[in-house]
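Got a structure for you, questions after.
The values are calculated or read from the model by the stated rules, or taken from the named source; none is laboratory data. Values in this document were obtained by computation on a predicted structure and should not be read as measured data. Note that each Cβ is placed from the backbone with ideal geometry, even for glycine, and that neighbours are counted across all protein chains shown.
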Amino acid sequence: MAETSTIARPYAQAVFEIAKAKGQFAQWASQLNALARIVADDQIQAMIGNTSMQKDQVAALICDVAGSGMTDEMRNFVQVLADNRRLNALLEIDLQFEELRAAAEATQEAEVLSAFELDASQQQAISGALQKRLGRKVNLNCKIDPSLIGGAVIRAGDLVIDGSASGRLHKLTMTVTQ
């Protein structure tokens with residue numbers, strides 16, 4: 001069986017092109033994210049895997065759970081996925097759509113784990129430095145992790161910068177033990 005990322009790619013690309021043409025990246029992203037969360041539910045997974053249920057029934061159930069905020073286009077998209085038995089690829093479709101969207105909007109999500117809460121000027125400094133390094137607008141998601149002791153760990157896509165005290169101690173321990 002093909003890998004999920006390979007299966008998801010044409011669907012993510014198609015949804016991206018529709019959202020781009022309509023200028024509705026945020027709306028499509030929100031709906032895809034909601035659908036991915038719904039499909040990840042164990043009870044929904046059981047229904048998707050139940051071959052005695054009709055594809056139309058599964059698609060209708062997922063759309064009903066998603067609620068009235070779903071557009072007709074998104075409902076049609078869910079039906080296409082159900083017809084092709086690709087509902088399980090929704091999480092990967094959502095991830096790939098977000099990557100395409102970020103590239104189109106020249107944005108990058110970055111997670112900052114810090115030992116203490118960062119004030120606005122610290123967040124702005126980190127964001128500015130990352131924007132300079134990555135060449136795109138950076139959206140920070142800041143979280144506190146007291147186990148870092150001090151400093152911060154920054155993750156932006158494949159980039160990981162570990163400036164934490166615990167990370168430095170780990171490196172020191174590795175150097176001493178070699």
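Matching residues to (1) among the charged types (D, E, K, R); (2) farther than 23 Å from residue 146 by Cβ; (3) not assigned by TED's automatic domain parsing to the domain that holds residue 168:
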residue: 74; (1), (2), (3): no, yes, yes
residue: 77; (1), (2), (3): no, yes, yes
residue: 85; (1), (2), (3): yes, yes, yes
residue: 88; (1), (2), (3): no, yes, yes
residue: 93; (1), (2), (3): no, yes, yes
residue: 112; (1), (2), (3): no, no, no
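Another question, then. Could you check region 55-77 and list, in sequence order, the residues that are without any contact (Cβ under 8 Å) to a residue 60 or more places away in the chain, of a type outside the set (Gly, Ala, Ser) and within 18 Å of residue 22 (Cβ to Cβ)?
Those that are without any contact (Cβ under 8 Å) to a residue 60 or more places away in the chain, of a type outside the set (Gly, Ala, Ser) and within 18 Å of residue 22 (Cβ to Cβ): 70, 71, 72, 73, 74, 75, 76.
Now a separate question. Only one of (1) touching a residue at least 40 places away in the same chain (Cβ under 8 Å); (2) outside any strand (DSSP E or B) fails for residue 103. Which number is that?
(1) is the only condition that residue 103 fails.
For residues in region 102-117 being crowded, with 17+ Cβ neighbours inside 10 Å and over 11 Å from the mean Cα position of the chain (by Cα), which is modelled with the lowest pLDDT?
108
Got a sec? Which of 57, 24, 13, 45 is under 11 Å from residue 87 (Cα atoms) and either of a type outside the set (A, V, I, L, M, F, W, C) or touching a strand residue (DSSP E or B) at 6+ places or on another chain (Cβ under 6 Å) (or both)?
45
Output the number of residues of region 78-123 satisfying the condition of being at positive phi and in contact with a Ser or Thr (Cβ under 8 Å, 6 or more places away or on another chain).
0
Only one of (1) more than 22 Å from the chain's Cα centre (by Cα); (2) assigned to a loop (DSSP other than H, G, I, E, B) fails for residue 69. Which number is that?
Every condition holds for residue 69 apart from (1).
Right, another one. I need the full set of residues from region 1-52 which are charged (D, E, K, R) and either over 17 Å from the mean Cα position of the chain (by Cα) or closer than 13 Å to residue 95 by Cα (or both), in order please.
If the condition is that a residue be charged (D, E, K, R) and either over 17 Å from the mean Cα position of the chain (by Cα) or closer than 13 Å to residue 95 by Cα (or both), then 3, 9, 17, 20, 22, 37, 42 are the ones that fit.
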